Amino acid sequence: MTRFDALDRELDHWEALGRPATLWLRDDDACADSPALQRLLAIASEHAVPVTLAAIAATADSTLVDALGACDAASVVQHGYAHRNHAPAAERSAELGDGRDVNVRLDELRRGRARLAQAFGERFVPVLVPPWNRVGDALLPHLPAAGFAGLSCFGPRPSRDAAPGLAQVNAHVDPIAWRRDRAFIGADAALERIVAHLAARRAHACDADEPTGLLTHHLAFTGAAFDFVDDLLRHTRPRRAAVWLDAAHAFALRPEALICCR
Ligand SMILES: [Zn+2]
């Protein structure tokens, strides 16, 4: 018995079906280089697994650009604008909620998108990750015209496209218990959630084509949380059924969409 037995059995099912169990790794809140970021990038590089960093557009700095430049496994998507909470006091935190005018939000996002595209060049993939995974419905139809081809929140996506021209691929497993002192939930609990999402996809209890997203927060991660990611990648990378996708493939963005959006 190892802690990976249930995941192995699940991957066996996918292999028998001849279908890839697609997965992706999204890391939120990147701003600057740090030992924690280096740890994450080293793990991704060692296993040659792509990592998608959601960078805070207004504050991402040159140390982040340099750190990513040295890591072939990393691509960048846009984590809102300044990661500032604009929600009324009684409501849950949100930067992009419908409480603010659509054009005010779009102006910020366009500015942020231009900044990240300029700083990260081809590493930048025009996908929006709303801070706190919350975005007002009124904003969604305007995002493609503002240069975004994808959206990523949390939980099973309601449909393949959040709006015409806006592919949605969410994260599904967050191994941090934010309301319990930001503690790591533990490798077994995290694995259980990954297996549960894969099994739900296989049973068509949710969208079978949505890649299973593991969400990391390098700045909140402890050694045990990093070890879990390291062990998971080491274990799954050799499995033919487990396919870790980069952002462009997770969102099935065509090369021409990437070029015209840059
Ligand atoms: Zn965030």
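The values are calculated or read from the model by the stated rules, or taken from the named source; none is laboratory data. Just so it is clear, the model here is predicted, and its values are computed rather than measured. Just the protein is used for accessible areas: all its heavy atoms, side chains included, with ligands, DNA and RNA removed. Shrake-Rupley method; radii C 1.70, N 1.55, O 1.52, S 1.80 Å.
Okay, here's what the table says:
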{"read-out": "Mean separation of Cα contacts under 8 Å, 6 or more apart, over the residue count of the chain: relative contact order %", "value": "26 percent"}
{"read-out": "Per residue value of the accessible surface for the range 161-257 (all protein chains in place, 1.4 Å probe), Å²", "value": "45 Å²"}
{"read-out": "Cα shape, the range 91-182, gyration tensor, a/c 1.5 rule", "value": "rounded"}
{"read-out": "Carbon/sulfur fraction of accessible area - the range 112-262, other protein chains in place, 1.4 Å, %", "value": "52 percent"}
{"read-out": "Helix-derived mean residue ellipticity, 222 nm - over the chain, DSSP H n ≥ 4, -39500 (n - 2.57), to 500", "value": "-11000 deg cm²/dmol"}
{"read-out": "Principal semi-axes in Å for the chain [√(5λ), Cα gyration tensor, largest first]", "value": "28, 20, 19"}
